[in-house]
Amino acid sequence: MSSNRLVVGIIFSITLTALLLAYEASLLPKSIVGVYFHGIPSDVMMQTLSIQDLYEQPLKSLWYLHIQPPMFDTIRAILVSFLGSEDLLLSQYRVDTAIYFLWAIIYGLTCFLIFTIIGTQTSTIYGIFATLGFCIHPAFLLYATTLDSTLLSTFLILSLIFLLLEIGDGQKISPYLISASFLALFFTRSIFQWPWVFIIGLCLYLLKYPPQYLKKYFIICICIVALFIIKQFLLFHLTTSSSFAGLNLCRSIDACTGHYIDAKKINHADPTANSLMREFKSNNAKNFNNSIYLELNKKYLDDYKEKLFSMSAKELFAIYFNNLIIYLQPW
């Protein structure tokens with residue numbers, strides 16, 4: 001990328017970040033409970049750990065996290081270690097305020113990536129207008145002011161795409177950078193499970209990535225991902241980074257049935273880990289990292305398999321085609 005385009009991109013992204021912060025400041029008088037633009041603290045999200053557990057048992061809570069990959073809660077744990085207090089609501093408020101500011105920076109970096117990708121393939125002027133259209137879209141602004149990992153995932157996906165495009169253009173991209181980019185996604189978004197190591201590897205091979213670089217990529221990613229999955233399996237009997245797989249699969253074909261789990265018969269991976277034992281989080285939201293939901297995950301997987309094997313290929317195609325139509329709807 002030319003130096004002029006780089007300067008334009010940096011100024012443009014900083015300007016958009018400043019505009020987002022100004023937009024958020026204008027919303028504060030109308031927001032719910034001070035800082036919450038949508039009335040949803042990060043603790044309310046079903047895929048997050050309680051801020052209390054991250055404050056009292058940060059390492060143990062992250063070690064026994066099974067509902068989602070650990071990146072987002074790691075960020076929250078780091079923030080609460082600096083901003084936390086015995087007042088849980090105050091801790092939650094401080095952490096979420098800091099995340100909003102961090103998300104504004106990531107919003108600007110995402111805009112910079114979009115501008116860089118489009119501007120490099122077309123022109124600086126077209127890149128500016130195309131990026132502006134994307135970055136002021138209500139959906140993007142919604143996720144930039146939502147306390148979950150969607151915006152971070154968007155930035156990381158675009159980062160990986162940018163690196164792949166650079167490789168396709170003949171640039172020498174370090175295998176350590178490619179590995180870090182993929183691993184950041186793996187530890188952030190549960191859709192990127194271990195098979196993606198080989199999917200990205202295939203992309204690199206097709207882009208004629210140097211064999212010695214490709215080998216390093218595979219060694220790094222396979223070793224780190226394998227260690228994490230082994231941890232998941234030994235602790236939770238999972239081969240994925242999230243225990244929501246059963247629920248998502250059985251919902252996809254409307255196979256979920258009611259199940260009763262006797263909490264007294266649960267075999268906890270560690271009875272001293274509050275994140276596994278706690279029924280509710282600090283604001284009375286359900287703690288889906290409770291060991292009960294590991295058992296439910298197994299039950300839902302059984303529901304899915306039972307209905308899946310009883311369906312014809314035609315019925316299965318019809319259900320998933322309808323799911324696709326719903327997914328593509330703009331609302």
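The values are calculated or read from the model by the stated rules, or taken from the named source; none is laboratory data. For clarity, every value in this text was computed on a predicted model and none was experimentally measured. A quick note on method: Cβ atoms are made from the backbone with ideal geometry, for glycine too, and the neighbour counts reach across all protein chains shown. These area figures cover heavy atoms from the full protein model, side chains too; ligands, DNA and RNA do not enter into them. Shrake-Rupley method; radii C 1.70, N 1.55, O 1.52, S 1.80 Å.
Considering only residues that are of a type in the set (A, V, I, L, M, F, W, C) and surrounded by 17 or more Cβ atoms within 10 Å (Cβ to Cβ), which ones fall in region 45-56?
MET45, LEU49, ILE51, LEU54 - these are the residues of region 45-56 that are of a type in the set (A, V, I, L, M, F, W, C) and surrounded by 17 or more Cβ atoms within 10 Å (Cβ to Cβ).
Does any residue of region 118-130 turn out to be within 20 Å of the chain's Cα centre (by Cα), open to solvent by 20 Å² or more (accessible area, probe 1.4 Å) and of a type in the set (A, V, I, L, M)?
no
Yes or no: region 85-101 includes at least one residue that is more than 20 Å from the chain's Cα centre (by Cα) and closer than 23 Å to PHE192 by Cβ.
no
Determine, yes or no, whether PHE129 is under 30 Å from SER3 (Cβ atoms) and assigned to a helix (DSSP H, G or I).
yes
In the set LEU28, LEU59, which member is closer than 28 Å to LYS298 by Cα and open to solvent by 20 Å² or more (accessible area, probe 1.4 Å)?
The unique qualifying residue is LEU59.
Any residue in region 67-95 that is free of Cβ contacts under 8 Å to residues at least 40 places away in the same chain and in a loop (DSSP other than H, G, I, E, B) sitting within a Cβ distance under 6 Å of a residue that is hydroxyl-bearing (Ser, Thr, Tyr) and open to solvent by 30 Å² or more (accessible area, probe 1.4 Å)? List the pairs, counting only those 6 or more apart or interchain.
If the second residue must be hydroxyl-bearing (Ser, Thr, Tyr) and open to solvent by 30 Å² or more (accessible area, probe 1.4 Å), the pairs left are GLY84/TYR55.
Looking at (1) touching a Lys or Arg at 6+ places or on another chain (Cβ under 9 Å); (2) modelled with pLDDT of 95 or more, which is the one condition that is false for GLN232?
For GLN232, the failing item is (1).
Find all pairs meeting these conditions: Cβ atoms under 8 angstrom apart; at least six residues apart or on different chains; first residue within region 128-139 and closer than 17 Å to ILE11 by Cα; second residue surrounded by 11 or more Cβ atoms within 10 Å (Cβ to Cβ) and hydroxyl-bearing (Ser, Thr, Tyr).
Matching pairs, first to second residue: ALA130/THR122; CYS135/TYR107; CYS135/THR110.
With the requirement that a residue be among the small types (Gly, Ala, Ser) and either open to solvent by 50 Å² or more (accessible area, probe 1.4 Å) or in contact (Cβ under 8 Å) with a residue 60 or more places away in the chain (or both), what does region 169-189 give you?
Result: GLY170, ALA180, ALA184.
Against the conditions (1) over 30 Å from SER310 (Cβ atoms); (2) outside any loop (DSSP other than H, G, I, E, B); (3) more than 18 Å from the chain's Cα centre (by Cα), where does ALA184 fall short? Just the number, please.
So the condition that ALA184 fails would be (3).
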